[in-house]
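S.K.: What follows is a single structure, and I will ask about it in a moment.
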Amino acid sequence: MARYLKRGMDASAIKAADAKVRETVENILAEVEARIQTIFGQYGSRFSEAQKADIRRLCNLAQLPLDRLRAYSLENGDGPGLYLKPLLEREKNPLENTRVGKTPNAAAKP
Amino acid sequence: MPTEELAFLSVTELAKRIEAKKLSPVALTQYFLDRSEKLGPRYNAYARLTPEIALAQAKIAEKEIRSGRYRGPLHGIPYAAKDLLAVKGVPCTWGAKPYANQVFDYDATVIEHLNRVGAVLLGKAAMIELAGGMGYRFASASLQGEAKNPWDTKCWTCGSSSGSGAIVAAGLAPFAIGTETWGSILCPSAFCGVSGLRPTYGRVSRYGAMALAPSMDKIGPLARSAEDCARVFAAIAGHDPRDRSTLPLDKAAFTYSASLELNSRALKIGWLTNAWKTIEPGVAKAADAAEKVLKKYFSSVKKAALPEGPFEDAGNVIVAVEGASSFRSLIRSGRVSELADPLGQIAGYVNEQYSGADYLQAQRLREILQKKMETLFDSFDLLVTATQPVAATSLELNLETGLSYADPLGGIGNLCGLPALSVPCGFTEKNLPVGLQFMARAGDDIAVIQAARIYQLHTDWHRRHPKIT
């Protein structure tokens, strides 16, 4: 695939692309390794060798989903999830929903 | 009355007999206590029984009903509560050895609500340790041991509401309370062949419940039918100032009327085409048959697709980070090593390493996803598919590899706090139950109940139960 994509590129462009890929991979590996070393540095004495290998494996496994998440393009104004919204709504007008005569579950009806 | 019939009657059917004074709450409670004591250990279903509480509550219920003070459809009905809900003076283990001796001096709001309507607490249901909050690799990840599926005791119930699933499936209680952060009500419902409701996030107070991922944790019932789930949901839903994530009064409360609900509106169904990459043949066959039933009884059944993106990844990061925060003291003290599961002993250390920026990226993605789902629900009232792509798995299976399929539906549903209801829709060739999931817009719990009720009016899968001798 990579070879196919590089067809038609001149030698210097291929070299630059290869260097970029290498740098990306090295950064990812360094990040994973840093995470592993932080765990081992803080808690290493708690783990057996088998557990250490398992932790290393888990840290590696976690990286791909993390990279996919980071690659998702967001705008500056995209805020955190709406799970905070009910609290905000209530705090803006705490008495709004306590008025007599409002049907429970009204929101669920057409 | 044949005993097995009593064991598998629905809340609705039991309530009619209790209200008519043809069934004594004390006799019913004693019956379920005896049955639970005898059969519970077979499935590792209970963390503990609470016979003193149960009989005291049943006696009060009986006295009230005899004197004409009938409180409603849960009055005198026995139930089990997942062992992460605080019950005053009763050990609450969270399914985990480090908390084996934990006792609270208050009741969780859900327990208070059930006390108020006169329900009878039979006991605490076994569960996966910390509801799977530290990860787990095997079904045995529980202080109570592996929960065995009443349909086949060599198979698992799924988790983390494993005991709740086993209890309802084996006829040890008419309903049980479970919780879901990601799949923990719906999966046991599907694997155990019972009906389970995951309510909209914020409709049921988590006060007094173990926190795993506070922005995703939800509490709901597992029962014999969608109607029973609705009745329990009506009792436990509501705003609670002690859980500040609960919705405002009118949006949290739920009132249930069987006739009103069935006639409330024509529902537009979206049959999901991309929820599962592959589906086990026996599950696919049952789901295909269910789709045909839906096409017969719903005016609109069209294909629908979930939005695509790294939403499941976002959900995983949120659960991991919030779980690491909820159990920080357990991780840092090293007592996490007391957990039963090898993955549970170490995953917390890994989960602590996610950065704040990554967590917030996941939360921001959640907002995008919620908008996409709002748009999808402009075209459909409900999204429907098989609850799980597989039936109950072997007790020995390594879940980390054997149950590691992509679950965008669970990720999206739980990230957006959407209500969902799983009902039985058939069996595989090995006679293991298959679940059908209805999922709706946040706040539209009535839609999943209405749709599942209509489905159950025209099928009898929910009336099947395992043969237990």
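S.K.: Cross-link list B:124/B:268; A:20/B:371; B:148/B:295; B:59/B:124: which exceed 27 angstrom alpha carbon to alpha carbon?
M.R.: Values: B:124/B:268 39 Å; A:20/B:371 35 Å; B:148/B:295 35 Å; B:59/B:124 20 Å.
Exceeds cut-off: B:124/B:268; A:20/B:371; B:148/B:295.
S.K.: What Kirkwood hydrodynamic radius, in Å, does the stretch B:378-463 give when the mean of 1/r is taken over all pairs of distinct Cα atoms and then inverted?
M.R.: On the way: mean 1/r = 0.0705 Å⁻¹.
By the Kirkwood definition, the hydrodynamic radius is 14.2 Å.
S.K.: Say the cut-off is 22 Å between C-alpha atoms; which of B:16/B:38; B:38/B:154; B:277/B:303 go over it?
M.R.: Violating the 22 Å Cα-Cα cut-off are B:16/B:38.
S.K.: Beyond 21 Å between alpha-carbons counts as too far, so tell me which of B:218/B:430; B:430/B:467; B:63/B:88; B:82/B:430; B:22/B:467 fall in that bin. Intermediate values should be presented prior to the final figure.
M.R.: On the way: B:218/B:430 32 Å; B:430/B:467 14 Å; B:63/B:88 23 Å; B:82/B:430 29 Å; B:22/B:467 26 Å.
B:218/B:430; B:63/B:88; B:82/B:430; B:22/B:467, as the Cα separations exceed 21 Å there.
S.K.: Once you measure Cβ to Cβ distances between cysteines in the protein assembly as shown, which Cys have no partner under 4.7 Å?
M.R.: A:59, B:92, B:155, B:192, B:229, B:416, B:425
S.K.: Same structure again: For residue B:205, what residues show an amide H to amide H distance below 5 Å, using hydrogens built from the backbone and excluding near sequence neighbours?
M.R.: B:238
S.K.: How big is the C-alpha Rg of the protein assembly as shown next to the rule-of-thumb value 2.2 N^0.38 Å, as a ratio? Write out the running numbers ahead of the final one.
M.R.: On the way: Rg = 24.0 Å, N = 579, 2.2 N^0.38 = 24.7 Å.
For the protein assembly as shown, the normalised Cα radius of gyration is 0.97.
S.K.: Can you give the longest stretch of chain B with no exposed loop site, where a site means chymotrypsin sites (Phe, Trp or Tyr not before Pro) in a DSSP loop (not H, G, I, E or B) with at most 16 other C-beta atoms within 10 Å?
M.R.: Working: sites that count: B:104, B:106, B:405.
With chymotrypsin sites (Phe, Trp or Tyr not before Pro) excluded where exposed in loops, chain B gives B:107-404 as its longest stretch.
S.K.: Could you tell me which helices of chain B pass both thresholds, a Cα extent of 20 Å or more along their own axis and a mean Kyte-Doolittle hydropathy of at least -0.5, with helices taken as whole DSSP H runs? Numbers along the way, then the final one.
M.R.: Numbers: long enough: B:25-43 (25 Å, -0.57); B:51-66 (22 Å, -0.21); B:281-297 (24 Å, -0.28); B:311-326 (22 Å, 0.56); B:356-379 (36 Å, -0.69).
Helices passing the filter in chain B: B:51-66, B:281-297, B:311-326.
S.K.: Still on this model: Tally Lys/Arg at +1 and Asp/Glu at -1 over every other residue whose Cβ is under 10 Å from the Cβ of residue B:274; what's the total?
M.R.: Details: positive: B:277, B:303; negative: B:308.
Once all neighbours under 10 Å are counted, the net charge is +1.
S.K.: Right, next: Calculate the FRET efficiency for residue A:40 and residue B:211 from the Cβ-Cβ distance with a Förster distance of 35 Å, rounded to the nearest 0.05. Don't skip to the answer; put the middle values down first.
M.R.: On the way: r = 28 Å, r/R0 = 0.81.
Plugging the Cβ-Cβ distance into 1/(1 + (r/R0)^6) gives 0.80.
S.K.: So, one more: Given only helices, namely DSSP H runs of n ≥ 4 each adding -39500 (n - 2.57), what is the per-residue ellipticity at 222 nm of the protein assembly as shown, to the nearest 500 deg cm²/dmol? Before the final figure, lay out the partial values.
M.R.: Details: 22 runs with 254 residues, N = 579.
Counting only the DSSP helices, I get -13500 deg cm²/dmol.
S.K.: Then there is this: Calculate the spin-label point distance for residue B:71 paired with residue A:28, positioning each point 7 Å from the Cα along the beta-carbon direction, and give it in nanometres.
M.R.: In this crude spin-label approximation the distance works out to 5.7 nm.
Taken together, the values in this text are just the output of simple stated rules run on the coordinates, not laboratory data. Here the structure is a predicted model, which is why all the values come from computation and not from measurement. Every residue, glycine as well, gets a Cβ built from its backbone with ideal geometry; the counts of neighbours run over all protein chains shown.
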